[in-house]
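Notes for the one structure printed next.
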Amino acid sequence: MLEYTLSIIKPDAVERNLIGDINSVFEKNDLKIVAQKMLLLARRDAEIFYQIHKDRSFFNELCDYMTSGPVVVQVLKGKNAVKKNRNLMGATNPENAEENTIRKLFGISVEKNSVHGSDSDKNAKIEINFFFSQKEILD
Ligand code: CMP
């Protein structure tokens with residue numbers, strides 16, 4: 001099924017010049033980047049984006065981290081894009097991620113794990129709408 005998913009290249013990866021390497025993984029695996037922008041997340045936006053984790057012990061740390069430097073937000077399009085991107089990213093904790101996944105290749109820790117990707121089609125729609133207007137998605 002043709003789908004869209006929201007991807008974020010996190011501050012640790014942007015800082016280490018990994019935008020191109022990570023985008024190359026998407027493109028080599030038939031995920032098309034149909035929208036992309038670099039931004040510094042406002043604290044309030046990070047809190048809203050991650051509100052599902054608001055009661056977790058790491059919530060404040062997570063919001064601090066995601067606002068600590070520029071991120072790249074992007075919309076990826078492709079067949080089964082949500083699941084495909086989850087597979088390409090690997091497990092949340094890079095230590096547990098499968099070989100050749102983005103988090104295994106580039107992640108540093110569970111916090112500095114280089115990328116975020118939507119976990120369901122429903123959340124992908126919510127997350128894409130959070131960052132992009134329809135006219136920014138060049139489909
Ligand atoms: P992400 O896919 O962006 O969604 C929520 C994020 O919370 C997750 O990636 C991790 O980076 C982060 N996270 C999950 N568990 C922990 C933890 N125990 N400590 C710090 N950050 C965490």
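Between A91, A13, A46, the distinction of being buried (at least 21 other Cβ atoms within 10 Å of the Cβ), within 16 Å of the ligand (Cβ to nearest atom) and small (G, A, S) belongs to A13 only.
Quick grid of which residues meet (1) open to solvent by 40 Å² or more (accessible area, probe 1.4 Å); (2) at pLDDT 95 or above; (3) β-branched (V, I, T):
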site: K83; (1), (2), (3): yes, yes, no
site: R86; (1), (2), (3): yes, yes, no
site: F106; (1), (2), (3): no, yes, no
site: E111; (1), (2), (3): yes, yes, no
site: S118; (1), (2), (3): no, yes, no
site: F130; (1), (2), (3): yes, yes, no
site: I137; (1), (2), (3): no, yes, yes
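The values are calculated or read from the model by the stated rules, or taken from the named source; none is laboratory data. Remember, it's a predicted structure, so these values are computed and weren't measured experimentally. Cβ coordinates were reconstructed from backbone atoms using ideal geometry, including for glycine residues, and neighbour counts include every protein chain displayed. Ligands, DNA and RNA are excluded from the accessible area calculation, which covers all protein heavy atoms including side chains. Shrake-Rupley method; radii C 1.70, N 1.55, O 1.52, S 1.80 Å.
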